[in-house]
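Working notes, structure below.
What follows draws every value from the coordinates through simple rules; no lab data is involved. Just so it is clear, the model here is predicted, and its values are computed rather than measured. So basically every Cβ, Gly included, is an ideal-geometry build from the backbone, and we count neighbours across all protein chains shown.
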Amino acid sequence: MIELNIGGKTVKLPLPGGKTILGIAAACLLFLGLMSSFYTVRTEEEAIVTRFGRYIKTEQPGLRFRLPFGIDQVKVLAVKRQLKQEFGFSTPGATNPYQASSPNEQAMEKEMVTGDLNSALVEWVIQYRITDPAAFEFQVRDPDTTLRHASESVMREVVGDRTVDEVITVGRQEIEIESQKLLQDLVKLYNMGITIDQVQLKNVNPPRPVQASFNEVNQAQQEREKSINVANGQYNREIPKARGEAEQKISEAQGYATQRVNEAEGDVAKFTALFAEYQKAPEVTKRRIYLETIQSVLPQIGKKVIIDEDAQQILPLLQLGDKSGQ
């Protein structure tokens, strides 16, 4: 019997039998087994299932079943989420422990030697996705660390083939493209189950002792480029304008030349026709030319008074009261 004190009263309960205890234990085990047999894979994830440590299958998103009591182990990987690793710096609040290294390692990661034996501080980011969860989990031991080492090796190789000016200024995009290609080839060779989406350079600077001098050189180069661009802009404005004015002058000259030639040819044709008529009737043609000339000239000389050459005076013929007369 079991005595229990409930509200100041002693209650005696009988002890359960051995079969009852076994039944309760079996029910508890069954309940725990059912509770641990089902799990959920979210939309952006896939699950790696192992049985006694051996890979069995890869489960897609949804409600899934597994053998309980640790027989089947499940590891969920975010296959549709873009992951990243940072080199030479770290973003605060990162949840991925492999996203960035320790501060001491960051200082060593970004120190690189260029092809012309100069030093540069290079910070970069790689963005990648897990495309084959089984290969990512089982083909390479510690794939995240391996990826960091592979990325650093590739970046040092690419930077080491270029001058410090190319690394810091004009060669950044080329470095990103080549690094992404080489890193993708490397993870494919290792069968890591990863796709490299992007390699992006962040801050690229010369060593701190020479940064001031390098900035002065960059500023001088920028001013030089600015002056060249201003001169090219002025050239592009003035030269077309001058060419347009020259074309206009040439067109006007050609038009005037054509006009003069046409007028001369017309005069020649007129003279030739007139001469032909003159040869047919010289006196008639001479008188007609004289009359036509007088007809065209007289209207231009205003008011006219014609008198006989024997007249002694012209006052009786003038209208002195007409103020408009001359």
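Here are the numbers for the structure shown:
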quantity: Neighbour net charge for Phe214 - beta-carbon separation under 13 angstrom, K R +1, D E -1; calculated: -1
quantity: With Cα atoms, 0 to 90° folded angle of helix 18-35 axis to the chain main axis; calculated: 10
quantity: Dipole in debye (nearest 20) - the chain, about Cα centre, beta carbon charges: Lys, Arg +1; Asp, Glu -1; calculated: 1840
quantity: Simple Cβ-charge dipole of the range 76-213, Lys/Arg +1 and Asp/Glu -1, about Cα centre, in debye nearest 20; calculated: 400
quantity: 0 to 90° range, to nearest 10: angle between helix 282-297 axis and the chain longest Cα axis; calculated: 60
quantity: Amide H partners (placed H, <5 Å) of Thr131, local residues excluded; calculated: Ile194, Thr195
quantity: Rel. contact order, % - alpha carbon contacts under 8 angstrom, at least six apart, the range 84-206; calculated: 34
quantity: Backbone HN-Hα couplings from phi across the range 274-281 [Karplus 6.51/-1.76/1.60, Hz, Gly and Pro as x]; calculated: 5, 5, 5, 5, 4, 5, 6, 9
quantity: In order through the range 200-207: 3J(HN,Hα) via Karplus (6.51 cos²θ - 1.76 cosθ + 1.60), integer Hz, x for Gly, Pro; calculated: 10, 6, 9, 7, 10, 9, x, x
quantity: Across Lys84/Lys188; Lys202/Lys226; Lys84/Lys202; Lys80/Lys202, pairs whose alpha-carbon gap is larger than 23 Å; calculated: Lys202/Lys226; Lys80/Lys202
quantity: Selection from Pro209, Gly23, Thr145, by position along the positive dipole direction of the chain (Cβ); calculated: Gly23
quantity: Net charge dipole size for the range 94-156 [Lys, Arg +1 and Asp, Glu -1 on Cβ; Debye, nearest 20]; calculated: 80
quantity: Protection proxy ranking, peptides 214-221, 249-256, average beta carbon neighbours within 10 Å, highest first; calculated: 214-221, 249-256
quantity: Peptides 153-164, 38-49 ordered by average Cβ neighbours within 10 Å, highest first; calculated: 153-164, 38-49
quantity: On Cα atoms only, tilt of 143-159 relative to the major axis of the chain in degrees; calculated: 30
